[in-house]
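Let me begin by presenting the structure, written as structure tokens, before commenting on it.
Nothing in this text is a laboratory measurement; each read-out follows from the coordinates by a stated rule. These figures come from a predicted structure and were not determined experimentally. Using ideal geometry, Cβ is built from the backbone for each residue, glycine included, and neighbour counts are taken over all protein chains shown.
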Amino acid sequence: MELSSRVVLVTAGGSGIGLAIAHHFYNRGDRVHICDIDQSTIDSAACEMPDVTSTCADLTDTEQVDKVFRDLKETHGRLDILINNVGVAGPAAAVEDILPTEWNDTIAVDLNSIFYVTRKAVPMLKKSSGVMVNMSSTAGLFGCPLRSPYSAAKWAIIGLTKTWAIELGSFGVRVNAICPGSVSGSRIDKVIELDAKTRNMNPSEVRESYLSQNSMGVFIEAENIAQTAYFLCSPSAKHISGQAIPIDGHTETLAS
């Protein structure tokens, strides 16, 4: 797989971690296709990366997932790297206060869509002996109070990563998961605000409690995640598969 000729699909690639990953591959000469539910974020990303290709799609809908892959095949004809990045934070509430609709909506985005995309991508990855990177979380490694559906999905993604690494290893396909800690940006700001309301605390107090959860007392930068994803898809990582790799300043606990 020549680095200069790779085709990369980044889900939820219009903003946040997905956009940082798309930029990182694009800036190094890869052909990048992003999909996102928000056309405005796709348009903004296209201004920054003029040659990027894209599909506006809701990945919880299998017909729209099919459209992503029709566009990908028509435009590029192959797939070398899949970055399964789509996800939402879901509700911040005690388990007894989470509505079934909130649970279902979070699982639909954070877990079901990963399956829908992967089942379409795997035949293409087998042909190219490609690489898959799934976005989990430190919430997939630790108990995470008040975040039941999000944590359930992120634990499941690690299980799927290890399962798919076994299934696809004989085809030369590697599958790994990245487990970010709290990542700087608007998404964590919204999570902190919601958590503060749930816990009847000041947002600054919640922010400090989040920072105290890891040994280095830091929030992660999206670019750190992008650099790791790029490494995992490089020849330097040719024997790394089935792993869940934290980028988190060494999380000690998610309880605070």
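Some values worked out for this structure:
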| item | result |
| --- | --- |
| Segments 131-137, 56-62 sorted - mean Cβ within 10 Å per residue, highest first | 131-137, 56-62 |
| Added length on full extension, which subtracts the Cα-Cα distance from 0.36 nm per residue, Ser186 to Glu221 | 11.4 nm |
| Rough spin-label spacing in nm, given labels placed 7 Å along Cα→Cβ, for Thr198 and Thr62 | 3.1 |
| Where only C-alpha atoms are counted, convex hull volume of the chain per residue in Å³ | 118 |
| Pair Ile240, Glu48: separation of 7 Å Cα→Cβ label points (nm) | 2.3 |
| Sequence-distant aspartates and glutamates (8 or more away, or on other chains) whose Cα lies within less than 20 Å of Lys73 | Glu2, Asp30, Asp36, Asp51, Asp58, Asp61, Glu63 |
| Candidate lysines - alpha carbon under 16 Å from Lys67, same-chain residues fewer than 8 apart omitted | Lys120 |
| Dipole axis of region 37-127 (+1 Lys, Arg; -1 Asp, Glu on Cβ), positive-most option in Ala94, Val122, Thr53 | Val122 |
| Test item: Cα-centred dipole of the chain, Lys/Arg +1 and Asp/Glu -1 on Cβ, debye | 980 |
| Ranking of His76, His250 by count of other Cβ atoms within 10 Å, fewest first | His250, His76 |
| Neighbour net charge for Ala152 - beta-carbon separation under 15 angstrom, K R +1, D E -1 | -1 |
| Debye, to nearest 20: dipole size of region 1-110, +1 on Lys, Arg Cβ, -1 on Asp, Glu Cβ | 620 |
| Debye, to nearest 20: dipole size of region 195-256, +1 on Lys, Arg Cβ, -1 on Asp, Glu Cβ | 160 |
| Relative exposure of Ile34, Ile245, judged by other C-beta atoms within 10 Å (fewest first) | Ile245, Ile34 |
